[in-house]
Amino acid sequence: MQNARNDMYKFKLYIAGETPVSVNAINSLKGLLEDEFKDQYLLEIIDVIKNPEVAESDKIYATPTMVKNHPPPVVRIIGDLSNREKVWLVVLEGYSKVLH
């Protein structure tokens, strides 16, 4: 079981409260991950308002921010996650980006 978990794609999504922007980011990212990775991903959603210490230690300065931690390289996307094509390309290309 541990090996299967290590082979999964690992994402974190940092949001700020239960705002429409946060809900949209959650729904957009979950839809993309489910379509592209099926059951081969883990997604942790972190509300920076409820957990500011996590945001500070992870150096999160804006929301929404998506971080792909595994497999390397680490990729960060800050901003609008609703454009699935842009988000997917950034994840595939392996570089961080601000999306508008």
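The values are calculated or read from the model by the stated rules, or taken from the named source; none is laboratory data. Values in this document were obtained by computation on a predicted structure and should not be read as measured data. Cβ coordinates were reconstructed from backbone atoms using ideal geometry, including for glycine residues, and neighbour counts include every protein chain displayed.
Tally the residues that are more than 14 Å from Ser28 (Cα to Cα), among the basic types (Lys, Arg) and surrounded by 14 or more Cβ atoms within 10 Å (Cβ to Cβ), restricting the search to segment 47-100.
3
With the requirement that a residue be within 16 Å of Leu81 (Cα to Cα), of a type in the set (A, V, I, L, M, F, W, C) and not in a loop (DSSP other than H, G, I, E, B), what does segment 37-67 give you?
Across segment 37-67, the qualifying residues are Leu43, Ile45, Ile46, Met66, Val67.
Only one of Glu34, Glu18 is exposed (fewer than 13 other Cβ atoms within 10 Å of the Cβ) and assigned to a helix (DSSP H, G or I); which?
Glu34
Keeping to segment 1-17, report how many residues are modelled with pLDDT under 95 and of a type outside the set (A, V, I, L, M).
Total satisfying the criteria: 6.
Looking only at segment 68-79, which residues are in a strand (DSSP E or B), without any contact (Cβ under 8 Å) to a residue 40 or more places away in the chain and closer than 13 Å to Lys10 by Cα?
Val75, Arg76 - these are the residues of segment 68-79 that are in a strand (DSSP E or B), without any contact (Cβ under 8 Å) to a residue 40 or more places away in the chain and closer than 13 Å to Lys10 by Cα.
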